[in-house]
Amino acid sequence: MKKLTLITAMTLALSAQANAAVTAEEAAKLKKELTPVGATRAGNADGSIPAWTGGITKPVAGYKKGDHHPDPYAADKVLFTITAKNLDQYKANLTPGQIKLFETYPDTFKMHVYPTRRSASMPQKVYDAIADNATKAELILGGNGISNAVLGVPFPIPSNGLEVIWNHITRYRGEKAEIVSSQVAPTASGDYTMMEMKNSILFKYTESGMTSDKLADDNIVFKFKQIVTQPARLAGTALLVHETLNQDSEPRKAWTYNTGQRRVRLAPNIAFDTPGTATDGLRTTDDFDMYNGSPSRYNWKLIGKKEIYIPYNSYKLHAKGLDYDDLIKPGHINQDYVRYEKHRVWQVEATLKEGMRHTYKKRVFFIDEDNWQVSVADIYDNRDELYRVAMAHELNYYELPASWSTLDVYYDLQARRYLAQGLDNHSKMYDFDAKLTDRKFTKSALRRAGR
């Protein structure tokens, strides 16, 4: 195992004492009033959120691997539609960022609300790992790392905001994935250029045979490689990231390949508020996947649980062959393709630490209780004004099974523009069985892929 300095070891010990795992009695709730991932098993008081009964446990009839995922709830009808005219009736179940979208686009932004389907599910081995993690996992180094956890989320019964955000970072999405998708950053008038990327991900945290000791020794949560394939002027531009578990002792490692220079370069600035690749500055690096990377620049406060309308079971948005010209509209994506449901979410507030620098002064995350995915993020600038709102349009990839977003949309309220990332309607579907090994995530492999 990597040697720690005396100071680091002392910090780890003190932090472990301050962030002890839950007791066996508390963990037993995961088999009773809580679901195996830590959500409230029962429905809500008025029945608008049903009880969790296991989620989707098998693929829809007729589905085969490689297909875009048929909608298991295609027969569901819209319960009601929220518009700027009836907004006041529903504000209690909306985030400030969502409300701002109605105010910014009063004539076009709307939410079709459907019956709530608690479709989230995971393999039994993940549930077993979560139960084991619950009594062992700890925050270390002031919350900038975790220990004694593997495969499942470390903190199914969280006591603070840091534990919740680590659950999001480590949530189960299979062991590996190869994804071909596109992103667009439309102008205010709706014009856009399609950028296609091939992303490869090796989730070391959930790798078969991985142990918490080996994970601590290797200190890698996942390995990520991105190759731009279109447009031609950017084709071959590449990025490689090794995301570390203990962010203090070993920060994220990143490299880029530039086709003009034909060289791999170390890229230590691929973190925090560095603009994302070819995003027109509409998201930061740590906006990717709604939040990623070290939590060290923020103070994290757990506000509690809230019932809000979030994008969910987004199979219609995910459908094969969806016309992008029909989906990509000025100001926001076409809301007729978006399904919203009322769900319970964890609300976590991240405020910038004194002396730290970031484009965002405050971020408020709303994390789905059933799968630990950040569903909505309200983002504030240094004037304490709403700057951006991001939404993850998730569904259950039932061949795994696991919940993940099919499309992430980042709305810039001040520029009146947005970034839509993950468009896959005209691409080969996610390959969760891709032949990915550590050898494909080296600097040499990055150079070969870029060429």
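The values are calculated or read from the model by the stated rules, or taken from the named source; none is laboratory data. Remember, it's a predicted structure, so these values are computed and weren't measured experimentally. Counting neighbours? That spans all protein chains shown, and the Cβs are built from the backbone with ideal geometry, glycine included. For accessibility, only protein heavy atoms count, side chains too; no ligands or nucleic acids. Shrake-Rupley method; radii C 1.70, N 1.55, O 1.52, S 1.80 Å.
Looking at (1) farther than 30 Å from Gln414 by Cβ; (2) touching a helix residue (DSSP H, G or I) at 6+ places or on another chain (Cβ under 9 Å); (3) not β-branched (Val, Ile, Thr), find the lone condition where Lys253 falls short.
Here Lys253 meets the rest and fails (2).
Collect the residues in the range 252-284 that are touching a strand residue (DSSP E or B) at 6+ places or on another chain (Cβ under 6 Å) and of a type in the set (D, E, K, R), keeping them in residue-number order.
Arg252, Lys253, Arg265, Asp273, Arg283
Criterion first (under 27 Å from Tyr172 (Cβ atoms), open to solvent by 10 Å² or more (accessible area, probe 1.4 Å) and either more than 14 Å from the chain's Cα centre (by Cα) or at pLDDT 95 or above (or both)) does Asp325 satisfy it? Give the steps one after another, and end with the answer.
Numbers: under 27 Å from Tyr172 (Cβ atoms): no; open to solvent by 10 Å² or more (accessible area, probe 1.4 Å): yes; either more than 14 Å from the chain's Cα centre (by Cα) or at pLDDT 95 or above (or both): yes.
The answer is no for Asp325.
Quick one: which of Ser147, Ser181 is open to solvent by 10 Å² or more (accessible area, probe 1.4 Å), touching a residue at least 60 places away in the same chain (Cβ under 8 Å) and under 24 Å from Ala350 (Cβ atoms)?
Details: Ser181 fails: under 24 Å from Ala350 (Cβ atoms).
After ruling out the rest, the residue left standing is Ser147.
Which one of Ala267, Ala271, Ala254 is at pLDDT 95 or above and among the small types (Gly, Ala, Ser)?
Details: Ala267 fails: at pLDDT 95 or above; Ala271 fails: at pLDDT 95 or above.
Exactly one residue qualifies, and that residue is Ala254.
Leu162 - would you say it is touching a Pro at 6+ places or on another chain (Cβ under 8 Å) and open to solvent by 20 Å² or more (accessible area, probe 1.4 Å)?
Details: touching a Pro at 6+ places or on another chain (Cβ under 8 Å): yes; open to solvent by 20 Å² or more (accessible area, probe 1.4 Å): yes.
The answer is yes for Leu162.
Here are some residues: Ala84, Ala61, Ala51, Ala42. Which one is part of a loop (DSSP other than H, G, I, E, B) and touching a Gly at 6+ places or on another chain (Cβ under 9 Å)?
From the options Ala84, Ala61, Ala51, Ala42, the qualifying one is Ala51.
Every residue in the range 194-221 that is over 27 Å from Leu423 (Cβ atoms), crowded, with 21+ Cβ neighbours inside 10 Å and either in contact (Cβ under 8 Å) with a residue 60 or more places away in the chain or out of contact with any strand residue (DSSP E or B) (no Cβ under 9 Å at 6 or more places or on another chain) (or both), please.
Listed by number, the residues that qualify are Ser212, Leu215.
Being open to solvent by 60 Å² or more (accessible area, probe 1.4 Å) and either over 30 Å from Leu245 (Cα atoms) or at pLDDT 95 or above (or both) narrows it down to one of Ala28, Ala92, so name that one. First the steps, then the outcome.
Details: Ala28 fails: open to solvent by 60 Å² or more (accessible area, probe 1.4 Å).
It is Ala92.
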